Amino acid sequence: MINLLKLFVVSFFVTGTLSLPGEKPNVLLIAVDDLNDWIGCLGGHDQTATPNIDRLAERGVLFTNAHSQGTMCNPSRISLLWGRRPSSTGFYDNHYPVKNELEFLQSHVSLPRHFANHGYETLTAGKVFHGGTPEQSQSVGPALGQWLQGLDQVVHEKPDGWHAIWDFGPQDYEESKFVDYVTASWVVQQLTSTKEKPFFLSVGFYRPHVPFFPPSRVYEVLSEVQLPPVKKDDWNALGSLHELAGLLSEGRSFPSWENHQRRLHIRSFRRSACCLQCTVSTRRVQRRRSYVSYLSSHHT
């Protein structure tokens, strides 16, 4: 059944000895797309190995009982970045990117704009805003998307009617070209460069959002997959909603196809999450106090 789990990890650390009293701290916001509780500090899966994320959680405050404001990327991210519920913003699905809603943008202040208004340098890379709103930050890094044309290759032929990016399996190309590697490399450059002002840096990692495309090297590490328990009547909890969502409508045999591929599916998700955690580090940056906020939304 639909899981509206939202996990939120907040950590801070002092990055030097020359930070002056009253000096504004740096702020690093890390957003991970669709990561569920299958990380070590949340104990969601016995085969979890996420030492970097776990180390960050140990150094800060771990929130385990928070909830997503919306059931899709767009409304939940707008809610977070503008501090308003979907019932107040009017955004309920992914069909209305906020970048196209000029009246909303002119009458509301986003989180990056708020920091900029208070003397911060603002930077962003990856998937932070759904659909992209680069004008909200002063410096914009790579935002390559979920499927890299010319690199990511189709692994499974899907039933008719499925979303184009729903796929899972290993990919064979240079790991430095994977989308989150590119994003993380740019972020490291920003963190290690000298800046005159405090910064607010927001970075969004695409994995483990679909398609679950880990590098082959990472994928092959996990050969035996432990499947999580599933209630046999789990779909019954949706009632008629599954038909409204089109999951079981004509041409979409979701349970039969998904169950047949489930072991490969979970293996790909697990390795995508593992690859993601390798991008998270608690390295020291500059000589200013720095606060790190790590969050993930898991909608389905």
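The values are calculated or read from the model by the stated rules, or taken from the named source; none is laboratory data. Computed from a prediction, not measured in an experiment: that's the story for all the values here. Note: ideal-geometry Cβ built from the backbone for every residue, glycine included; neighbour counts use all protein chains shown.
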Next on the checklist: For segment 159-187: of the residues being assigned to a loop (DSSP other than H, G, I, E, B) and among the hydrophobic types (A, V, I, L, M, F, W, C), which is modelled with the highest pLDDT?
Outcome noted: Phe178
Checklist entry - Which pairs do you get when a residue that is in contact (Cβ under 8 Å) with a residue 12 or more places away in the chain, found in segment 39-55, comes within reach of a residue that is outside any loop (DSSP other than H, G, I, E, B) and exposed (fewer than 15 other Cβ atoms within 10 Å of the Cβ), reach meaning Cβ atoms under 9 angstrom, with the pair 6+ apart or on two chains? => result Gly40/Pro51; Cys41/Glu58; Cys41/Thr64; Leu42/Thr64
Checklist outcome for this item: Being modelled with pLDDT under 70, more than 30 Å from Pro112 (Cβ to Cβ) and in contact with a Lys or Arg (Cβ under 7 Å, 6 or more places away or on another chain) narrows Gly251, Gly239, Gly246 down to just Gly246
Next on the checklist: For a quick check of your reading of the model, give me the residue pairs whose first member lies in segment 60-86 and is at positive phi, whose second is hydrophobic (A, V, I, L, M, F, W, C), with beta-carbon atoms closer than 8 Å and at least 6 apart or on different chains.
Outcome noted: Gly83/Leu111
Item to check | Residue within segment 76-89 that is at pLDDT below 85 and either in contact with a Cys (Cβ under 7 Å, 6 or more places away or on another chain) or surrounded by 13 or more Cβ atoms within 10 Å (Cβ to Cβ) (or both) present | outcome: no
Next on the checklist: Given the criteria touching a residue at least 12 places away in the same chain (Cβ under 8 Å), within 20 Å of Leu264 (Cα to Cα) and among the hydrophobic types (A, V, I, L, M, F, W, C), does Val155 qualify?
Outcome noted: yes
Item to check | Selection from segment 124-141 of residues that are closer than 19 Å to Val27 by Cα and either at pLDDT 95 or above or of a type outside the set (D, E, K, R) (or both) | outcome: Thr124, Ala125, Gly126, Val128, Phe129, Pro134, Gln136, Ser137, Gln138, Ser139, Val140, Gly141
Checklist entry - Does segment 123-142 hold any residues that are in contact with a helix residue (DSSP H, G or I) (Cβ under 6 Å, 6 or more places away or on another chain), outside any loop (DSSP other than H, G, I, E, B) and at negative phi, and which are they? => result Leu123, Ala125, Gln136, Val140
Item to check | Selection count where residues are under 18 Å from Val128 (Cα atoms) and either in contact with a strand residue (DSSP E or B) (Cβ under 8 Å, 6 or more places away or on another chain) or among the β-branched types (Val, Ile, Thr) (or both), scope segment 183-200 | outcome: 9
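Matching residues to (1) surrounded by fewer than 17 Cβ atoms within 10 Å (Cβ to Cβ); (2) not in a helix (DSSP H, G or I):
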{"site": "Leu144", "(1), (2)": "no, yes"}
{"site": "Leu151", "(1), (2)": "yes, yes"}
{"site": "Val154", "(1), (2)": "yes, yes"}
{"site": "Glu157", "(1), (2)": "yes, yes"}
{"site": "Tyr219", "(1), (2)": "no, no"}
Checklist entry - Can you name every residue in segment 100-116 that is closer than 25 Å to His209 by Cα and either among the aliphatic types (A, V, I, L, M) or exposed (fewer than 15 other Cβ atoms within 10 Å of the Cβ) (or both)? => result Asn100, Leu111
